[in-house]
Amino acid sequence: MLETPLPNNFLLKPVFIPKLLKFVHMRKLISTAYSDFAFNLATFLLRLGMGLLMIPHGFDKLVHFMQYKKDFMNFLGMGSTISLALVVFSEFFCSVFLIMGLFTRVAASILIIEMLVVVFKAHQGQVFGDGEHGMLYLTAHLSIVLLGPGKASLDGILGK
């Protein structure tokens, strides 16, 4: 059986265009290249997500400060009140800084220190048990420190 040769312009026929477009999108999906827009959007979403997820923890401790201070863990040996104040600053105010993209690396570094205390002191290093959420926060904040704030931030706008 003889096959008829395809014309040179067979890819230009409307029948083949949807298949070609699917192939192009698939190649982009598995590509390792990225654009500045995608990078800046990803850093913005990471900062926004981590800030919004952490704020309720700090806000609860801020609102109920007087109730928590007597039973809070004294992890620095400076008293439970100072330890709680540092945690409120870290969880609430540093999260606000993350969302705004202001002092991003400093705020994320403070949150990293807090998450290290949470995972290894409060949860005895159980990274796959009770400390799993703290480890996820730790990993995300470490990523923020390494990536930086991106252009969609006050740091990026101010040129820091």
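Rule-based calculations on the coordinates, nothing more; no lab input. If you're wondering where the values come from, they're calculated on a predicted model, not measured in any experiment. Virtual Cβ from ideal backbone geometry, glycine too; neighbours counted across all protein chains shown.
Brief remarks on what is shown
- Extension gain, Met66 to His133, is 21.6 nm, computed as 0.36 nm per intervening residue step minus the present C-alpha separation.
- Placing a label point 7 Å from the Cα of Gln124 along the Cα-to-Cβ direction, the residues of segment 72-105 whose backbone N falls under 18 Å of that point are 73-75.
- Charge sum, other residues only, whose C-beta stays under 12 Å from Val118's C-beta, Lys/Arg counted +1 and Asp/Glu -1: -3
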